[in-house]
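Engineer: My questions will all concern the structure given below.
The values are calculated or read from the model by the stated rules, or taken from the named source; none is laboratory data. Quantities reported herein were computed from a predicted structural model and do not represent experimental measurements. Glycine gets a Cβ as well: all are built from the backbone with ideal geometry, and neighbour counts include every protein chain shown. Accessible surface is based on the protein model in full, side chains and every heavy atom, while ligands, DNA and RNA are left aside. Shrake-Rupley method; radii C 1.70, N 1.55, O 1.52, S 1.80 Å.
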Amino acid sequence: DGYRNTNLYQGGREANQDDYRYQDGNYEGYAPNDGYYRGGDEPAHEEDAQSDVTEGHDEDDEVYEGEYQGIPHPDDIKEKQKRAPAMDDDYRDRAELMAERMEDEEQLAHQYENIIEECGHGRFQWTLFFVLGLALMADGVEVFVVGFVLPSAEKDMCLSSSNKGMLGLIVYLGMMVGAVLLGGLADKLGRKKCLIISLAINAAFAFLSSFVQGYGFFLFCRLISGLGIGGSLPIVFAYFSEFLSREKRGEHLSWLCMFWMIGGIFASAMAWSIIPHYGWGFSMGTKYHFHSWRVFVLVCSLPCIASLVALKFMPESPRFLLEIGKHDEAWMILKHVHDTNMRAKGEPERVFTVSYIKTPKQVDEFIEIQSSTGTWYQRWLVRITTTLKQVWDNVLYCLTAQYRMNTLMLAVVWFTMALSYYGLIVWFPDMIRYLQDEAYESRVKIFDEEEVSHFTFNFTLENQIHRNGEYRNDKFIGMKFKEVRFEDSLFEECYFEDVTSSETFFENCTIISTVFYNTDLYEHKFINCRLINNTFMKEKEGCHLDFEEDNDFLIYLVSFLGSLSVLPGNIISALLMDKIGRIKMIGGSMLISAVCCFFLFFGNSESAMIGWQCLFCGASIAAWNALDVITVELYPTDKRATAFGILNGLCKFGAILGNSIFASFVGITKVVPILLASSALVGGGLLALRLPETREQVLM
């Protein structure tokens, strides 16, 4: 670990040795005004005394090696033990230990707040901001990827409509499990380690999913990829909040939320510029096809990979390290944060004045197994089960009397917000598609009783119905049928070669002595037809990306504008988060969003639907940002990521329900989706006003 490196502070050691004198263990006070932290009654050091370390000094003044890192001298420990012979921890009541730990945590919370203020807000926090922003951007991308690739993937993989729905839901299912599991682990194993695991899982399986051909394996890859990215969201907010002081926290966590929007814009722009280019790909034989939508899936894993690489150079959260008793590591990281920010401000001579930080009483029973005990997998099994039990205990702790009410209220607010938001962002594109399909069907051309003989068709037929026609000795070569129906027609001694079709059917037709060579006119496309003495040779295999959909472009545009419309809401919420408070922000934003829902009754055209979607997304983003901030602030450090993970998992469950319910009403009625979304938002918004305000609170 880079922060253990003694070279980091060797230079400052001689000049400032006395600044790091170990002070008596109890946190008594903190006076940053004069640049020195004081514990107990120890007097402030004079600047002249700082040279004692390097010059001759009395034996009584001897400075011991570990003292620089705030480690007590062995003699001090003996002296302390003589003064207060404490009862052995083994014989002390657990409740007593917990009470002592709670007291320690309260002292640590206030001291840590002062330390972060001394470290300042500067280059270090902005670097971390962009690194974690990329991780959040990867989450935003993940939500949009499946929606964008579905139209192409369904043709490429021959998906039925039920399979399409499954692909959309499987990502949210993975995110739901990942949020709870990896969020819980982050409180036990560390923010950085678990975030690296999350991003690595996402990057590996997102990358793999772009190459697999089978639908089942593709589904599995997206599930595991979703699990990884779902785990990153709770960790990102917990991690970043622990480097922010009270007055910066609301604003800068809100700025961080901007990256979710940037993820949506990135996904829309990439889909727009890559997917329509069906030529961007390659084939290996007849079975393996790498089409442009797979290139898009590959490109979408880039933010995740970039964040993963950058994260290797960032430190663990010092607040987490203090929580598990790793004082020296935490101290080194905080000193690094301070020195980085001071150098950037042009004040490299400013000294980090903290010498000792309160660490809470350690109560957890960590089981360390000797290497001689059992086999390697038994040792790992014990470690894993112990860790999972601790995660489960943390989950239950969020429902204890102290947090139950807050957890339940937040759960309802998260759920109602997700149900309406995710339901509507799927419903908007579906409704626009439905309006387009209606317009397309109204333009259909109908041909009755046409007779064609000895003619060669070598062009595209689209959106046509041919009734009672007769075709004799005709050739259909190298052509495409799109949305074409032949009804009650006769084909005699015709020749079809290299024909591709989409939504094309022959109904009640008679087909006699006709040759089909290298076509995709399969058996199911002939409905109630009489087939007499025909030849089918070398049928096309698999499914084919046949036509560029004009309305695909509009779907990318809708998502792009929806993501972009969030920008004003993001800026307003960041600037006002600490001024008007989290509670008013959530309540106000949800109620305004509910009003926007009602206006959807008047959205009878594509442009009106796009306009109301932009307004809804812009109004609702402030509630999302404030929810992220308040969830981080309401829970203590050792439960923060767990609580966020549970609530975010519930949010993804709301998304699954919203997607399923709202999609089923497309083309049937607008009333149910609109009333459901607006009533959920009103209920959640009013309940949010009952939550405690946290903007004046230090991070516990």
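Engineer: Which pairs have Cβ atoms under 7 Å, sit 6 or more apart or on different chains, and link a residue in region 665-678 that is at negative phi to one that is of a type in the set (D, E, K, R) and not in a loop (DSSP other than H, G, I, E, B)?
Structural biologist: Val666/Asp430
Engineer: Also, I was wondering about something else. Out of Glu316, Glu323, I need the residue that is in contact with a helix residue (DSSP H, G or I) (Cβ under 9 Å, 6 or more places away or on another chain) and at pLDDT below 85. Which one?
Structural biologist: Glu323
Engineer: Within region 188-214, which residues are open to solvent by less than 10 Å² (accessible area, probe 1.4 Å) and within 30 Å of Gly325 (Cα to Cα)?
Structural biologist: Within region 188-214, Gly190, Arg191, Cys194, Leu195, Ser198, Leu199 qualify.
Engineer: If you scan region 625-639, which residues turn out to be out of contact with any Cys (no Cβ under 7 Å at 6 or more places or on another chain) and either small (Gly, Ala, Ser) or assigned to a helix (DSSP H, G or I) (or both)?
Structural biologist: The answer is Ala626, Leu627, Val629, Ile630, Thr631, Val632, Glu633, Leu634, Thr637, Asp638.
Engineer: Could you tell me whether Ser241 is closer than 30 Å to Gln111 by Cβ and either open to solvent by less than 40 Å² (accessible area, probe 1.4 Å) or at pLDDT below 85 (or both)?
Structural biologist: yes
Engineer: Please find, among Leu435, Leu381, Leu399, the residue that is in contact with a Leu (Cβ under 9 Å, 6 or more places away or on another chain) and either under 30 Å from Asp638 (Cβ atoms) or crowded, with 17+ Cβ neighbours inside 10 Å (or both).
Structural biologist: Leu399
Engineer: Has region 378-388 got at least one residue that is farther than 30 Å from Leu615 by Cα, assigned to a strand (DSSP E or B) and free of Cβ contacts under 8 Å to residues at least 60 places away in the same chain?
Structural biologist: no
Rundown of residues vs (1) of a type in the set (Val, Ile, Thr); (2) not in a helix (DSSP H, G or I), yes/no style:
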residue: Phe598; (1), (2): no, no
residue: Ser607; (1), (2): no, no
residue: Ile610; (1), (2): yes, no
residue: Phe616; (1), (2): no, no
residue: Ala641; (1), (2): no, no
residue: Ile646; (1), (2): yes, no
residue: Gly667; (1), (2): no, yes
residue: Pro673; (1), (2): no, no
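Engineer: Being open to solvent by less than 10 Å² (accessible area, probe 1.4 Å), touching a Gly at 6+ places or on another chain (Cβ under 7 Å) and basic (Lys, Arg), is that true of even one residue in region 635-651?
Structural biologist: no
Engineer: Being open to solvent by 70 Å² or more (accessible area, probe 1.4 Å), touching a Cys at 6+ places or on another chain (Cβ under 8 Å) and either of a type in the set (S, T, N, Q) or not in a loop (DSSP other than H, G, I, E, B) (or both) is the filter here, so list the residues in region 487-536 that pass it.
Structural biologist: Asn508, Arg530 - these are the residues of region 487-536 that are open to solvent by 70 Å² or more (accessible area, probe 1.4 Å), touching a Cys at 6+ places or on another chain (Cβ under 8 Å) and either of a type in the set (S, T, N, Q) or not in a loop (DSSP other than H, G, I, E, B) (or both).
Engineer: For region 416-484, give me every one of the strands (runs of 3 or more DSSP E) that falls completely inside it and has 2 or more residues that are within 43 Å of the chain's Cα centre (by Cα).
Structural biologist: Fully inside region 416-484 and qualifying: 461-467.
Engineer: What's the number of the only condition in (1) surrounded by 14 or more Cβ atoms within 10 Å (Cβ to Cβ); (2) modelled with pLDDT of 90 or more that Met409 fails to meet?
Structural biologist: Single failed check for Met409: (2).
Engineer: If you check Met409, Met431, Met405, which single one turns out to be in contact (Cβ under 8 Å) with a residue 24 or more places away in the chain, among the hydrophobic types (A, V, I, L, M, F, W, C) and over 30 Å from Leu167 (Cβ atoms)?
Structural biologist: Result: Met409 is the single residue among Met409, Met431, Met405 that is in contact (Cβ under 8 Å) with a residue 24 or more places away in the chain, among the hydrophobic types (A, V, I, L, M, F, W, C) and over 30 Å from Leu167 (Cβ atoms).
Engineer: Report, by residue number, each residue of region 288-311 that is of a type outside the set (A, V, I, L, M, F, W, C) and assigned to a helix (DSSP H, G or I).
Structural biologist: Ser292, Arg294, Pro303, Ser307
Engineer: Filter region 312-341 down to residues that are outside any loop (DSSP other than H, G, I, E, B) and surrounded by 21 or more Cβ atoms within 10 Å (Cβ to Cβ), then give me how many there are.
Structural biologist: 14
Engineer: Of the conditions (1) surrounded by 22 or more Cβ atoms within 10 Å (Cβ to Cβ); (2) not in a helix (DSSP H, G or I), Leu691 clears all except one; give me its number.
Structural biologist: Just one mismatch for Leu691, condition (1).
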